[in-house]
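The values are calculated or read from the model by the stated rules, or taken from the named source; none is laboratory data. None of the values given here were measured: they were computed from a predicted structure. Every residue, glycine as well, gets a Cβ built from its backbone with ideal geometry; the counts of neighbours run over all protein chains shown.
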């Protein structure tokens, strides 16, 4: 469990350490954020960056992870998960589940509360976060108190994509198709609920959910459809559409305030179902 202070701690209110943790296939780089000077037992959120399953980095998730840690008074573990096409599905969601298990296993050493865990992500990371919540439920833990999905890619079939021209979307259907083809090279995998959370018929017992969409984004239709399905399954769900483009959403200040408020409410007063810990 290596820990290295980073040199890019631009915000004195947040302490940041680079970590190396066990993943599905290999060791993975991760970055742990926590409010500076706060030695109390903190809730923790696993954060999964965007990049369409084939790109993205810890640095690109820095603004979002930093803001959530500071505003919600939580720890955030940002994960450099396996990327396609070198490591296609199921490597990324399995990495996410491995990271949740790592958080639960090392919680005491890190001054974290294993009973107050959550998962979050944007773009492809939103897909992987949703899959991680499904996996945690199906494998009896670690128990999650919340999930935050920011402009998630949830439907490899792309049947619910919005009209890119009408929406003035910066994300195009062709780009989505290319990324899904690299992440899911075997066609039959596109119906697997861990690859396509939108197709899951078992959404009960998922954690309370905050889902944010961008108005100028072809993905907002499928994400809002997922929110509707969660509500129908009895999952407490909050959804907000922001008047921005897809690429702006994860760092949009009003979204960060709202997502942090949701996490603060759910994690600082969390009462999680007793699932067995790894």
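Quick check: is even one residue across the stretch 100-120 in contact with a strand residue (DSSP E or B) (Cβ under 9 Å, 6 or more places away or on another chain) and without any contact (Cβ under 8 Å) to a residue 40 or more places away in the chain?
So far as the stretch 100-120 goes, yes, one or more of its residues are in contact with a strand residue (DSSP E or B) (Cβ under 9 Å, 6 or more places away or on another chain) and without any contact (Cβ under 8 Å) to a residue 40 or more places away in the chain.
Being out of contact with any strand residue (DSSP E or B) (no Cβ under 9 Å at 6 or more places or on another chain) and more than 16 Å from residue 54 (Cα to Cα) is the filter here, so list the residues in the stretch 122-154 that pass it.
Pass one, the stretch 122-154, residues out of contact with any strand residue (DSSP E or B) (no Cβ under 9 Å at 6 or more places or on another chain): 131, 134-135, 137-141, 153-154.
Within the stretch 122-154, 131, 134, 135, 137, 138, 139, 140, 141 meet the criteria.
Among the residues that make up the stretch 258-278, is at least one of them buried (at least 18 other Cβ atoms within 10 Å of the Cβ), modelled with pLDDT of 95 or more and more than 18 Å from residue 71 (Cα to Cα)?
Checked against the condition, which is being buried (at least 18 other Cβ atoms within 10 Å of the Cβ), modelled with pLDDT of 95 or more and more than 18 Å from residue 71 (Cα to Cα), the stretch 258-278 yields no hits at all.
Tell me which residues, restricted to the stretch 99-140, are buried (at least 22 other Cβ atoms within 10 Å of the Cβ) and in a loop (DSSP other than H, G, I, E, B).
If the condition is that a residue be buried (at least 22 other Cβ atoms within 10 Å of the Cβ) and in a loop (DSSP other than H, G, I, E, B), then 123 is the only one that fits.
Looking only at the stretch 208-233, count every residue that is crowded, with 22+ Cβ neighbours inside 10 Å and over 20 Å from residue 50 (Cα atoms) and tell me the total.
Looking only at that region, the number is 1.
Can you tell me which of 165, 189 is closer than 26 Å to residue 248 by Cβ, assigned to a helix (DSSP H, G or I), more than 19 Å from the chain's Cα centre (by Cα) and modelled with pLDDT under 95? Explain how you work it out, then say what you get.
Working: 189 fails: closer than 26 Å to residue 248 by Cβ.
Criteria check complete, one pass: 165.
Filter the stretch 192-201 down to residues that are in a loop (DSSP other than H, G, I, E, B) and in contact (Cβ under 8 Å) with a residue 24 or more places away in the chain and give me whichever is nearest to residue 45 (Cα to Cα).
Pass one, the stretch 192-201, residues in a loop (DSSP other than H, G, I, E, B): 192-196, 200-201.
From what's left, in contact (Cβ under 8 Å) with a residue 24 or more places away in the chain: 192-196, 200.
Details: 192: 25, 193: 22, 194: 19, 195: 21, 196: 22, 200: 23 Å.
Restricting to residues being in a loop (DSSP other than H, G, I, E, B) and in contact (Cβ under 8 Å) with a residue 24 or more places away in the chain, the top hit is 194.
For the stretch 215-272, list the helices (runs of 4 or more DSSP H) that sit wholly inside it and hold at least 3 residues that are closer than 20 Å to residue 165 by Cβ and under 18 Å from the mean Cα position of the chain (by Cα); which are they? I'd like the intermediate steps shown before the answer.
On the way: elements: 220-232, 246-249, 253-268.
Here the list reads 220-232, 246-249.
Given the condition closer than 24 Å to residue 140 by Cα and in contact (Cβ under 8 Å) with a residue 40 or more places away in the chain, answer yes or no: does some residue in the stretch 241-261 qualify? Reasoning before the result, please.
At the first step, the residues of the stretch 241-261 found to be closer than 24 Å to residue 140 by Cα are none.
No, the stretch 241-261 has no match at all.
Of all residues in the stretch 72-98 being touching a strand residue (DSSP E or B) at 6+ places or on another chain (Cβ under 9 Å) and assigned to a loop (DSSP other than H, G, I, E, B), which is surrounded by the most Cβ atoms within 10 Å (Cβ to Cβ)?
Applying the first criterion (touching a strand residue (DSSP E or B) at 6+ places or on another chain (Cβ under 9 Å)) to the stretch 72-98 yields 72-82, 92, 95-96, 98.
When the remaining residues are screened for being assigned to a loop (DSSP other than H, G, I, E, B), the result is 73-74, 80-82.
Values: 73: 18, 74: 25, 80: 22, 81: 30, 82: 22.
The residue in question is 81.
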